[in-house]
1. In cubic angstrom, how much convex hull volume per residue do the alpha carbon atoms of the stretch D:1-115 span?
2. What average number of partner chain Cβ atoms lie no more than 10 Å from the Cβ of the residues making up D:112-122?
3. Give me the distance in nm between label points sitting 7 Å out from Cα along the Cα-to-Cβ direction at B:Arg112 and B:Glu28, one decimal.
4. If you filter the stretch B:148-189 for trypsin sites (Lys or Arg not before Pro), then keep DSSP loop positions with at most 12 other Cβ within 10 Å, what is left?
5. What value does the stretch C:38-90 have for Rg/Rh, both radii from Cα atoms and Rh as Kirkwood defines it?
6. Let me know the volume per residue of the alpha-carbon convex hull for chain C, in Å³.
7. State whether the stretch B:158-291 is rounded, prolate or oblate according to the following rule on the C-alpha gyration tensor (a ≥ b ≥ c being the square roots of its eigenvalues): a/c under 1.5 gives rounded; otherwise a/b larger than b/c gives prolate, and the remaining case gives oblate.
8. Among the lysines, which have Cα under 27 Å from the Cα of A:Lys47 when same-chain residues fewer than 8 positions away are ignored?
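Derivation of every value follows stated rules applied to the coordinates shown; laboratory data play no part. All of these numbers come straight from a predicted model, not from anything done at the bench. Cβ: placed from backbone, ideal geometry, glycine included. Neighbour counts: every protein chain shown.
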Protein chains: 4
Amino acid sequence: MDLPAPVYKPPFNITRSSHLVSRVSDLEASRAFYCDLLGLVVSDEDKKRGEPSVERVGMRVLTEQDLDLVQAHFAAAGFPTEWVEVEHQNRTLHTTDPAGTPLEFCATMETRERLFAHADRYHGACALRLDHFQIVTPKVRESLDFYTGMGFRLSEYVVAKGSLEMVFLQRKGNPHDIVFANRTGPRLHHCAYQVPETHHLMHVCDLFVVGDKEGQVEFGPARHFSPGLARFLSLRDPDGHRVELFPSHYHTIDIEDEPVEWEAPAFKVGGWIVPPDRWWNDTMAFTDSQR
Amino acid sequence: MDLPAPVYKPPFNITRSSHLVSRVSDLEASRAFYCDLLGLVVSDEDKKRGEPSVERVGMRVLTEQDLDLVQAHFAAAGFPTEWVEVEHQNRTLHTTDPAGTPLEFCATMETRERLFAHADRYHGACALRLDHFQIVTPKVRESLDFYTGMGFRLSEYVVAKGSLEMVFLQRKGNPHDIVFANRTGPRLHHCAYQVPETHHLMHVCDLFVVGDKEGQVEFGPARHFSPGLARFLSLRDPDGHRVELFPSHYHTIDIEDEPVEWEAPAFKVGGWIVPPDRWWNDTMAFTDSQR
Amino acid sequence: MDLPAPVYKPPFNITRSSHLVSRVSDLEASRAFYCDLLGLVVSDEDKKRGEPSVERVGMRVLTEQDLDLVQAHFAAAGFPTEWVEVEHQNRTLHTTDPAGTPLEFCATMETRERLFAHADRYHGACALRLDHFQIVTPKVRESLDFYTGMGFRLSEYVVAKGSLEMVFLQRKGNPHDIVFANRTGPRLHHCAYQVPETHHLMHVCDLFVVGDKEGQVEFGPARHFSPGLARFLSLRDPDGHRVELFPSHYHTIDIEDEPVEWEAPAFKVGGWIVPPDRWWNDTMAFTDSQR
Amino acid sequence: MDLPAPVYKPPFNITRSSHLVSRVSDLEASRAFYCDLLGLVVSDEDKKRGEPSVERVGMRVLTEQDLDLVQAHFAAAGFPTEWVEVEHQNRTLHTTDPAGTPLEFCATMETRERLFAHADRYHGACALRLDHFQIVTPKVRESLDFYTGMGFRLSEYVVAKGSLEMVFLQRKGNPHDIVFANRTGPRLHHCAYQVPETHHLMHVCDLFVVGDKEGQVEFGPARHFSPGLARFLSLRDPDGHRVELFPSHYHTIDIEDEPVEWEAPAFKVGGWIVPPDRWWNDTMAFTDSQR
């Protein structure tokens, strides 16, 4: 596979995938899912709600200066850019990538109390932080080229009959901040949160069943043997947004960490479980997108 | 449901389900499964092999005197009994229960080194001991009555349209030594081994995939929310014998621990996973049985 | 070591160690410890409190008839017996063993909702059930003989210079319902609760520190390599009562499970940690006892 | 505390702490410790051995160009720099930091097969990768200033009576690549490896005891509540080199992640366990150092 050359000194520093802006139809149901079961906390709330969709995929840059450079980069590439006001965030940039993914960048947000040490407030799956997104799009190659140009590194990829099926792109030193998979899109396949350990995956499944919500557990706990190698649990929130939980991952930092190639269909995406059709086929539209 | 009265002072002491006598077609493949993956050790071996089937379900009584009383009890109930020589075991009784399950009782076996403390020899799923059997048979009620008469206590049961679908019977203070489920039989649905903790279930699944044997993982890890409540992993050995691994269970010892009734189909036998059809339908014949 | 002959068919059936009656000085502090941190629930409460001490060690017999036989057995052995009224319990027998341990036997208690399946109510260390007691007394040999006579089986013992230092006695098929250790007494060294898995030991330690109560964590998590072999965590409640948590244990049921002998001081009671002096020396007086 | 301003766009990219060069007196004993117990694999070996000491602390830069810039930076700061030949590594730079720590930088090493996915080869503590070093030195402030100037970010620090006692410095997005603590030095306090989960800490302790090496377990498993917040296990290799194992850590990437200040002695470095004196006082000399 002819892969684009990595850019080791990109002109700006996108640090990580950091947040997701979603629309949900029932805030109480979402709170039960994300807070009571996943273990997140509410940092602000109002009464807005709407047709379920994904508004934006959020990423962080390190500094305000990086934000300006990102804006210039997207504008030079011909994508629309807009500075917007977003509550609790400093300057925020909206733009779009070659796949049509609606993106949001900022350098800083208001901070909240760090909860990592507060073992007494751990509950549910004890989700720690957002880790990555998976986008489905027919433009996998274009996405690879464009993100590589912004300093993202390719950690793993899947090839089928000579064409790219899936690319894992990362900035923060684990295998993925954003993943693109070849299907009609752009649509969001899932966002993923890290949880502390494997037993948290099993415990939250118990909680879903005890709450008569076992239908929200889609697939797992199992392991994505390829690509990715993480143990995972795939969930669906009350509006159908897919959320993946996974306990930890390998580091990939050194320059000699070459991208790992997998050949479909030999790869084992569910490990010992065959993924259900809905895991392959159900994805979430971006707001106002026709796809 | 009209249940038989428990017998709290049975005339003999059957202590536990203890062992299984199986026929397998390939000893090397079985060794890889039971030793390398499940974590058991070989205590003796020869070259015998045959058509895959289950010869006998094995139980222990406490004393040699109990063994004679068990023989008398089965004989009085009209079942054939036979004293047989079994290598590594003291006096051994072969008989049959109302379902047609071929049973083997003994009081003592030759002992081997205890391995519980040998953390350096733990490997694979680290299976600790055999825990229980599940038999499929249309004679669930007869089995309940007969085993209750021998001092087994009913811990949980499933009712469908007023008739018994499943009974959990125990002697050793956890929910089951033997389970009868209503289907054509007698055939063996599974035997189960206890493993130390939940993470061992996930680890052994990894091992199956790494060894390109993920087809031997049938169902799970998940939790039998009802009946039983144990986390479990359902495996198939190279000959198709089903083996369940589970990490621990509740105790049920006191006289006021009433049997728990579940109403089918509301019970959640796979927790958050719908059991695959093969888990319901595939069972193993007893040797020489026509069923 | 000359050990008493096991009694395999005792005239009555003591099933397990089941409960402890303690006096504490501050009910709110005790509730924080036992409920918020250990994970138990309150089933009844009043405002009684007193000087910290242990009133009684509680055991269950299977039937009301067993209770009468136990009374006759203790009376025949010359120990005072008394039938008492205890709230929430049926007929209750108070008596004393050769070590001077104040004992309480009953066959049944009022039941409460089973919580084992209620994963949503698990919290803290998720303690599941009381498992065993350890008594310190100079009368280790007398205790061994007397309990053996009641059908308790010796699972492990420690010998120092030819005399018994410690005996593990069991009825329920794991290594201990009651343990006697050679020191001035009778006093209670600890009672022990089973928790589901090892990670619960680590999690509850976090909770103690987060609550500025790390002084209540006395020793561990570690493993009693000998005798016993269980991973454990030793805690002290707000009144100094020692509570041990442990995640699981081996089964010992068969007649050929011979008692395991350990030779002091070679045994490794803290595994990789040297027990602190207070773990050896601090014990709790029984109410009204002069020792 | 007046802290140096972070450098968000350093002129070169040091990516992580990556390796340690140690001298040991008995290669077989070291292999037993690092391979059989910690879970590492040997990638090359010869028969060299010597007086136990630490030769060099190793770090990675991203590119060969970064390596030249690092050399220029140290030289301009007045530190000796030397290009050396090191087997299995590309161009390698030796230099010294303000504390006197002997450092080694390189951009690339020969790679070996990735083992992350090889669950069948996991053993012992299943150590995944080197994470960080702790150096003791009276020059904590100078070290903070110098490393900050190279783009390291301060994640946590301890203050006692107004002066810096401890600084945690990181490049890879978790709390530490290198830690400096105020004591006579420069000497190495420990290097740390990440393991997958908490249960691996408990399991490897079992292995040390089973192998009669419990003396090599120094402290833990416990949690460094402050600073750092990681669960850990502190070990000593056969030559006394201290190795810390820890299962995971928080991420710290965003610009608004301010350094966390702890005030000694209120901080809880052992969580619920008081660190043993040897953990505070025993450290390892650097080769040819007089301290």
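1. Once divided by residue count, the hull of the stretch D:1-115 is 166 Å³.
2. Counting other chains' Cβ atoms within 10 Å and averaging over D:112-122 gives 5.
3. Placing both labels 7 Å along Cα→Cβ, they lie 2.1 nm apart.
4. B:Lys161
5. Numbers: Rg = 14.8 Å, Rh = 14.3 Å.
On the Cα set of the stretch C:38-90, Rg over Rh gives 1.04.
6. 135 Å³
7. Judged from the Cα gyration tensor, the stretch B:158-291 comes out oblate (a/c at least 1.5, b/c at or above a/b).
8. Output for A:Lys47: A:Lys213.
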